[in-house]
Amino acid sequence: RVLDAKQNEFKLTKNMVDSLQGFPEAIKYLKKHAIWLKDSLLLSDILYCEEKYRAAVETFLQPYLNHFIVNNDQEALKSIQLLQNAGQGKAGFLILQQFEQTEELELTIIPNGFIPLYQILEVDAIYQPLIAHLLHQVYIAPPEFQMENWEVPASFKGTIVSHSGHLLRSIHQLSGGSVGLFEGKRLGRIKNLENLEKETKELDTQVLGLKKNLQAIQLELQSC
């Protein structure tokens, strides 16, 4: 039953990944027609973290989750031209070439218990400079921290996201509201698919082993 459940979850997740369910039409159009983007991933594809943090991660990265990660300016410009010619809306691009070196980034003092957002993310090495840039001085508050009552010190240079993802706060910005049912569901679909495939293969091996044991026991019982 566990194997069947994982197989069904794998099929559902793969269908969502292949069909780009929940993504804008411009993204779907580029995936179908821009040959140079065949192997390009969206920012939401490359990130993975524990489920309890996903809503907070999405709250901060919301403006970038639908951005394609491309190698250089040329790939982005060709894609923009394609969308313009076809009248298929707009798309954003993160230029990987511009993040090849990890920057020397300014540090800030943070309250105890706050977690740097990049520390809870699993991401391949090639994307780490990009993520370090996007998440510089972004922190998740502990579950018990009352952000609504927190006065941001003038010396604080970062951004705080509530543990539940309902509030984002910095010295210059305050935004938030209710957390939707689908918050945290867009993050890490590719990585989740890989994990499900691995789990399914492991369970399949266990099932085969159990079947062999069962056959051996049945043969033993028949010979008694």
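Given the pairs K6/K212; K6/K32; K52/K212, which span a C-alpha to C-alpha distance of over 31 angstrom in this model?
Check vs 31 Å cut-off fails for K52/K212.
Between 0 and 90 degrees, rounded to the nearest ten: what's the tilt of helix 51-61 against the longest Cα principal axis of the chain? Computed tilt is about 30 degrees.
When DSSP beta bridges are restricted to pairs lying wholly in the chain, around 65% turn out antiparallel. Angle, helix 73-86 long axis vs. longest principal axis of the chain, Cα atoms, 0 to 90°, nearest 10? Roughly 90 degrees, rounded to the nearest 10.
Surface analysis of the chain yields an accessible area of 63 Å² per residue, using protein heavy atoms and a 1.4 Å probe. Projecting the Cα atoms of S162, M147, L37 onto the charge dipole of the chain, computed from C-beta unit charges around the Cα centre, puts L37 farthest toward the positive end.
Summarising the label geometry, the points placed 7 Å from Cα in the beta-carbon direction at S175 and N195 lie 2.7 nm from one another. Based on C-alpha pairs under 8 angstrom that are at least 6 apart in sequence, the chain has a relative contact order of 26 percent. Rounded to the nearest 10 degrees, the inclination of helix 189-223 to the longest alpha-carbon principal axis of the chain is 10 degrees. Between T159 and V138, Y139, the built amide H atoms are under 5 Å apart, and every one of these is 5 or more places off in sequence or on another chain. The apolar share of the surface of region 1-70, taken as the fraction of accessible area on carbon and sulfur atoms (1.4 Å probe, ligands and nucleic acids excluded), comes to 51 percent.
The values are calculated or read from the model by the stated rules, or taken from the named source; none is laboratory data. The model shown is predicted, which means the values in this text are computed figures rather than measured ones. FYI the Cβ positions are ideal-geometry reconstructions off the backbone, even for glycines, and counts take in every protein chain you see. Note: areas computed on protein heavy atoms with side chains; ligands, DNA, RNA excluded. Shrake-Rupley method; radii C 1.70, N 1.55, O 1.52, S 1.80 Å.
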